[in-house]
Amino acid sequence: MNDDEPPQRQIETLATSTRSLRSELDRMREINLRLRRQLSTRNTGLPADEEENRHMHLSLRFTNLLQQSCRRLVAISLAGTGEPADAERIAIELSRVVRILLSESASPAGLCRHLGLDPGTYGPDIGELLVQIAAVAGRLPNAQWDFQATIGAPLDARRQQPWEACDPWAPVKFVVTPSWRSAHCVHIRQTVFTD
């Protein structure tokens, strides 16, 4: 990138580079999944469970979308406020963003408004993020996002995990990211902020 270029051109160049890197990351995930299948077959002598591998791949992909793309948007938004952002504030805002992204009425412009970000700058990235989330969700149509938790109760390790450095033995304060489950199988555990 050339510092002499106009800012809008620099932004377009960065957006193009970001899309290219995301595409490369998806390609690397596919290669990783293929290699895991091969390793599983070699280690056990049996074919890998395709359904389990598919769920694992989708779970990793969704988790990466949350941990990278959503977290980046939250960080940019909070940096724009000029106020310090502790772990709880980041988790609260991420929880709000994830709920918006997973709602049926999610839109790039609406999320930009919520985050206080310029739709012209961040709208295309958010639009692409919505497409990626829909692609993950569409590959497991019977799965659902679960934000339900008993506030004040102990963490349920079968379906929940603590948010980052939160104490796993402390009571649940709020859900940061939902679980993703189908029937009685939890593919991704909730992350919860604890007291």
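The values are calculated or read from the model by the stated rules, or taken from the named source; none is laboratory data. If you're wondering where the values come from, they're calculated on a predicted model, not measured in any experiment. Note: areas computed on protein heavy atoms with side chains; ligands, DNA, RNA excluded. Shrake-Rupley method; radii C 1.70, N 1.55, O 1.52, S 1.80 Å.
Using only Cα atoms, what is the ratio of the radius of gyration of the range 124-163 to 2.2 N^0.38 Å? Walk me through the intermediate numbers first.
Numbers: Rg = 14.5 Å, N = 40, 2.2 N^0.38 = 8.9 Å.
Relative to the rule-of-thumb radius for its length, the range 124-163 sits at 1.62.
What does the helix-only formula give at 222 nm for the chain: each DSSP H stretch with n ≥ 4 adding -39500 (n - 2.57), the total divided by the residues, and the result rounded to the nearest 500 deg cm²/dmol?
Working: 6 runs with 107 residues, N = 195.
Result for the chain: -18500 deg cm²/dmol, rounded to the nearest 500.
Report, as a whole number in µm² per second, the diffusion coefficient that Stokes-Einstein gives for the chain at 25 °C and 0.890 mPa s using the Kirkwood radius over alpha carbon pairs. Don't jump to the answer; show the numbers that get you there.
Working: Rh = 18.6 Å.
The Stokes-Einstein estimate is 132 µm²/s.
For the chain, what is the accessible area per residue in Å², given a 1.4 Å probe and the full set of protein chains?
Numbers: 11380 Å² over 195 residues.
Value returned for the chain: 58 Å² of accessible area per residue.
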